[in-house]
Amino acid sequence: MKKVLFTAMAIFGEAAFSPLLANMPLIDEIAAQDKAADDAVAAISTSEELKAKQAAWRAWWLDALGGMPKRTPLNARVVGTVQCEGFRLENIIFESEPGMYVTAHLAMPEVRTRGNASPPPVVLMPLGHSDTGILNPRYAAHLAMTARAGFAAFAWDPISQGERRQACDKKYDYTDNCSTEHARLGARSWLVGWNFARFRIWDAVRAIDYVESRTDLDCSKLGIMGTSGGGTMSAYMQAFDPRIKVAFPSCYISSLREVIGARGCHDAEQFFWNMLPNGFNHAALLAMGQPRVALATGSRWKDYFPHAGAVATFAVFTNMTARLGFAGPYWHFSCDGPHGLPPSTRAAQVDWMRHCILGTSAPKPLADYHILDRAGTDAKDPCHAAIPFSAEATFCTPTHQVRDLPGFKSVYAIIADEARRLAKERRPHAREELREIVRRRAGMRPLAELGGADEVAFKHRFGWWYLDGREGKLAENQAAILATLGRSRVGVKAEAILRDAAKRVAANGGKSVPLEAKGAGCIAAAHAYAAEPQLFSSVMFNDPPPSWTEMVTNPDPRHDSYAVAVWGALKDYDWTDLVP
């Protein structure tokens with residue numbers, strides 16, 4: 001493909017973004033490590049070096065995800081068809097894992113739209129966060145627009161969205177929105193050494209398996225595009241699956257220092273344990289798909305994912321690709337307004353697919369797309385769109401929820417099964433061995449290295465709005481931010497206990513002192529005891545939480561929490577194993 005580099009800068013101007021939490025040590029560390037990860041991408045000078053980096057990133061990422069399930073029969077079936085203007089909508093169910101039903105929608109273009117009877121090329125359209133799934137008007141309109149442009153547009157309901165709510169017993173369905181259930185599932189995944197993205201990526205892998213199984217579809221130049229949560233999955237899949245050849249993630253790619261500095265961590269699949277020390281950030285994610293992927297990225301000014309970070313990351317990426325002589329094409333698209341999928345982004349994404357897959361002319365000048373937003377029918381919501389089909393035309397299940405289908409297996413159940421398996425396989429550890437395991441898992445330092453300020457009282461002006469957990473939303477966000485550095489809030493609290501205990505022991509003439517804790521604090525106290533038992537003469541816990549295994553297997557998700565979790569700990573110990 002001939003090399004074409006498109007760039008698009010803000011035409012209305014934008015003040016430089018400044019994080020709300022500048023000069024806070026934890027946020028400063030995030031910024032420094034994110035910049036170091038950018039610099040590592042920028043320093044790649046040969047294709048061989050990039051291949052080595054890609055292999056290292058992938059190996060680390062697979063471990064952070066918790067590995068992938070085995071491929072099992074899709075058991076796919078078309079459960080309904082409706083004719084719409086310019087396309088035929090097929091409603092489909094397949095199983096990404098046994099009993100994990102995925103409801104999906106294929107918009108097949110009419111032959112007259114394409115001008116010939118050959119199989120249409122496929123564009124995957126992972127959806128953003130919306131409780132209604134494909135019935136969100138902007139996603140439905142985009143699906144129809146893509147099909148009318150001559151593509152077979154394939155979208156599927158993400159977990160917890162549309163027909164895929166996961167709580168089997170409706171009395172435990174407390175969630176106000178899909179992101180809350182994502183966070184609950186993410187916190188549970190954390191303890192068994194998984195990440196919620198594992199499930200999202202595997203759904204997408206099996207979606208590709210499905211479209212490849214159909215002889216009436218052309219997957220030779222497979223494209224993927226999405227916005228927000230769909231932008232996340234588009235960015236992930238262009239990196240993860242070599243079958244993707246064209247990608248356009250929008251409203252996700254930025255820089256972690258900008259995103260976390262502005263709002264903290266976002267959805268459960270958007271941050272990983274120990275990612276920054278392993279050089280895994282947005283620039284690395286884009287580099288993973290090269291030179292295979294014709295890539296466009298999109299951002300909106302005043303977005304959750306700051307535009308300034310998007311521009312900076314795209315510059316790191318394109319400087320690398322230019323230095324390595326990759327053909328591309330590459331494009332960064334931006335438009336006005338807050339987070340979302342306005343007409344300009346819909347049109348730009350479809351034009352990118354037409355250019356890269358069908359060989360049509362290059363996308364239009366940026367100002368031409370902005371006209372679409374200013375000419376919108378709803379001035380209050382430039383993302384407004386008319387839904388092109390009825391709700392009844394999209395339903396794949398009789399009750400509109402997969403959890404009512406025979407043999408349904410929820411993500412809650414899959415995680416609980418893994419926790420039970422780990423409990424059976426764990427072996428006891430000698431005290432010294434356990435000490436080192438606890439330090440490594442919780443991100444704790446040896447006692448001699450615990451100088452400095454107490455980090456427990458983390459203050460910030462944003463809240464992670466998905467989970468209250470056992471200690472509140474501020475603690476949840478701190479736990480998520482620490483996780484990107486390979487640390488845990490449990491470990492931070494345990495280190496604070498150890499600092500205090502060491503001072504008390506010194507004041508007590510070197511004699512050990514009692515250890516007392518209450519409620520959620522018992523988990524950190526147990527880690528402090530396991531790391532430095534010689535400091536403590538006795539242990540007294542008041543109203544301790546249940547074991548981690550009990551938390552993960554409890555069908556009631558109200559107390560799910562990152563703040564009291566340690567990633568992967570159940571592979572080695574439950575917190576209740578740490579004290580006599």
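The values are calculated or read from the model by the stated rules, or taken from the named source; none is laboratory data. This is a predicted model, so every value here is computed, not measured. Every residue, glycine among them, receives a Cβ derived from its backbone with ideal geometry; neighbour counts consider all protein chains shown.
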(1) closer than 30 Å to residue 26 by Cα; (2) in contact with a Cys (Cβ under 9 Å, 6 or more places away or on another chain); (3) part of a strand (DSSP E or B): which one isn't true of residue 249, the others all being true? (2)
Under 9 Å by Cβ, and 6 or more places apart or on different chains, what pairs join a residue from region 401-424 that is outside the structural domain of residue 192 (by TED's automatic domain parsing) with one that is of a type in the set (A, V, I, L, M, F, W, C) and loosely packed, with under 15 Cβ neighbours inside 10 Å? none
The residue that is nearest to residue 94 (Cα to Cα), considering only those in region 205-251 that are in contact with a His (Cβ under 8 Å, 6 or more places away or on another chain) and of a type outside the set (A, V, I, L, M, F, W, C), is 229
Quick one: which of 220, 254 is in a loop (DSSP other than H, G, I, E, B) and either more than 25 Å from residue 411 (Cβ to Cβ) or out of contact with any strand residue (DSSP E or B) (no Cβ under 6 Å at 6 or more places or on another chain) (or both)? 254
Please go through region 184-199 and give me each residue that is touching a Ser or Thr at 6+ places or on another chain (Cβ under 8 Å) and among the basic types (Lys, Arg), ordered by number. 184, 198
Taking residue 115 as the residue in question, decide whether it is modelled with pLDDT under 95, in the same structural domain as residue 213 (by TED's automatic domain parsing) and either among the hydroxyl-bearing types (Ser, Thr, Tyr) or within 23 Å of the chain's Cα centre (by Cα) (or both). no
What's the total number of residues in region 69-97 that are part of a loop (DSSP other than H, G, I, E, B) and surrounded by 13 or more Cβ atoms within 10 Å (Cβ to Cβ)? 5
If a residue has to be touching a helix residue (DSSP H, G or I) at 6+ places or on another chain (Cβ under 9 Å) and assigned to a loop (DSSP other than H, G, I, E, B) to count, how many in region 499-519 make the cut? 2
Single residue of region 559-580 satisfying the filter (surrounded by fewer than 18 Cβ atoms within 10 Å (Cβ to Cβ) and within 23 Å of the chain's Cα centre (by Cα)) that is nearest to residue 421 (Cα to Cα): 571
Residue under question is residue 497, and the condition is that it be under 25 Å from residue 446 (Cβ atoms), at pLDDT 95 or above and more than 30 Å from the chain's Cα centre (by Cα); does it hold? yes
Please state which one of 110, 90 is of a type in the set (D, E, K, R) and either at positive phi or modelled with pLDDT of 95 or more (or both). 90
Regarding residue 332, is this residue modelled with pLDDT of 95 or more, more than 26 Å from the chain's Cα centre (by Cα) and not aliphatic (A, V, I, L, M)? no
Residue list for region 274-304, filter: modelled with pLDDT under 95 and either of a type in the set (Phe, Trp, Tyr) or part of a helix (DSSP H, G or I) (or both): 301, 304
Which residues, counting only those in region 55-68, are in a helix (DSSP H, G or I) and either among the hydrophobic types (A, V, I, L, M, F, W, C) or touching a Gly at 6+ places or on another chain (Cβ under 9 Å) (or both)? 55, 56, 57, 59, 60, 61, 62, 63, 64, 65
Does region 542-558 include one or more residues that are acidic (Asp, Glu), at pLDDT below 95 and buried (at least 23 other Cβ atoms within 10 Å of the Cβ)? no
Part of a helix (DSSP H, G or I), under 22 Å from the mean Cα position of the chain (by Cα) and modelled with pLDDT under 95: which single residue out of 167, 183 fits that description? 183
I'm told residue 436 meets every condition in (1) at pLDDT 95 or above; (2) not assigned by TED's automatic domain parsing to the domain that holds residue 558 except one. Can you identify the failing condition by its number? (2)
Quick check on this structure: which one of 214, 200 is under 24 Å from residue 339 (Cα atoms) and of a type in the set (Lys, Arg)? 200
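The rows are residues; the columns are (1) in the same structural domain as residue 55 (by TED's automatic domain parsing); (2) outside any helix (DSSP H, G or I); (3) among the acidic types (Asp, Glu); (4) surrounded by fewer than 24 Cβ atoms within 10 Å (Cβ to Cβ).
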{"position": "205", "(1), (2), (3), (4)": "yes, no, no, yes"}
{"position": "226", "(1), (2), (3), (4)": "yes, yes, no, no"}
{"position": "232", "(1), (2), (3), (4)": "yes, no, no, no"}
{"position": "237", "(1), (2), (3), (4)": "yes, no, no, no"}
{"position": "242", "(1), (2), (3), (4)": "yes, yes, no, yes"}
If you check residue 313 against the conditions, is it buried (at least 24 other Cβ atoms within 10 Å of the Cβ), more than 30 Å from residue 386 (Cβ to Cβ) and under 22 Å from the mean Cα position of the chain (by Cα)? yes
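Can you report the number of residues in region 533-550 which are assigned to a loop (DSSP other than H, G, I, E, B) and either among the small types (Gly, Ala, Ser) or not assigned by TED's automatic domain parsing to the domain that holds residue 510 (or both)?
Total meeting the criteria: 1.
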Go through the residues of region 453-474 one by one and say whether even a single one is among the small types (Gly, Ala, Ser), assigned to a helix (DSSP H, G or I) and surrounded by fewer than 22 Cβ atoms within 10 Å (Cβ to Cβ). no
Residues that are of a type in the set (A, V, I, L, M, F, W, C), more than 24 Å from residue 228 (Cβ to Cβ) and part of a helix (DSSP H, G or I), drawn from region 319-366: 320, 322, 324, 358
